[in-house]
Amino acid sequence: MQGHPEEVYACEFLDQNHLLTASSDRLFLWDIETGACIQQASGTPVSPDQGQLPARWQPGYIFSAEAQPSGSLVATACSDGVLRVWDCRFGQMQNVCSVPLYRGMTAACAWDAEGHCIASVATNGEMVALEKAPS
């Protein structure tokens, strides 16, 4: 699949027909059968004070993307210490929540099996678990 602006740090199947990838501060939704990029979305850095970032990564770079089990949300771990949550329903992929958690880089995130809790970890070893509010 061609069209990423930089390295790809994350990929996640959303269903049997769609793949989500992350490159720089953007998410890309791909049709697996055709290989076409059908949507893109970008997050906005939350704070100018992210601590130390290597020069090659700007605020908001996505290092991990995890789809919510049986849901339309995707959590992303970003270079600016922010956990971003996206609504990835087809036709309206958008950032719905940005939670500044760390002064350093967020390295990874994961949903629990029911899709009600998101855990994230920073490169310094800090971990935070957040519970999703009922919809």
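A few points about this structure:
- Taken over the stretch 78-135, the criterion of being surrounded by fewer than 17 Cβ atoms within 10 Å (Cβ to Cβ), acidic (Asp, Glu) and not in a strand (DSSP E or B) is satisfied by Asp112, Glu114, Glu126.
- Qualifying positions in the stretch 22-39 - out of contact with any Gly (no Cβ under 6 Å at 6 or more places or on another chain), without any contact (Cβ under 8 Å) to a residue 40 or more places away in the chain and part of a strand (DSSP E or B): Ser23, Arg26, Phe28, Trp30, Asp31
- Considering residues of the stretch 51-86 that are modelled with pLDDT of 90 or more and polar (S, T, N, Q) only, the residue farthest from Ala22 (Cα to Cα): Gln68
- Residue count for the stretch 1-17 satisfying the condition of being open to solvent by less than 70 Å² (accessible area, probe 1.4 Å) and in contact (Cβ under 8 Å) with a residue 24 or more places away in the chain: 5.
- Considered as a group, the residues in the stretch 29-45 that are over 17 Å from Leu73 (Cβ atoms) and crowded, with 17+ Cβ neighbours inside 10 Å include one that is modelled with the lowest pLDDT, and that residue is Pro45.
- Taking (1) at pLDDT 85 or above; (2) under 20 Å from Ser98 (Cβ atoms) in turn, Asn17 satisfies each apart from (2).
- Taken as a whole, the structure leaves Pro48 outside the set of residues that are open to solvent by 40 Å² or more (accessible area, probe 1.4 Å) and either at pLDDT 85 or above or in contact with a strand residue (DSSP E or B) (Cβ under 9 Å, 6 or more places away or on another chain) (or both).
The values are calculated or read from the model by the stated rules, or taken from the named source; none is laboratory data. In this text the structure is predicted, and so the values were computed from the model without any measurement. A quick note on method: Cβ atoms are made from the backbone with ideal geometry, for glycine too, and the neighbour counts reach across all protein chains shown. Note: areas computed on protein heavy atoms with side chains; ligands, DNA, RNA excluded. Shrake-Rupley method; radii C 1.70, N 1.55, O 1.52, S 1.80 Å.
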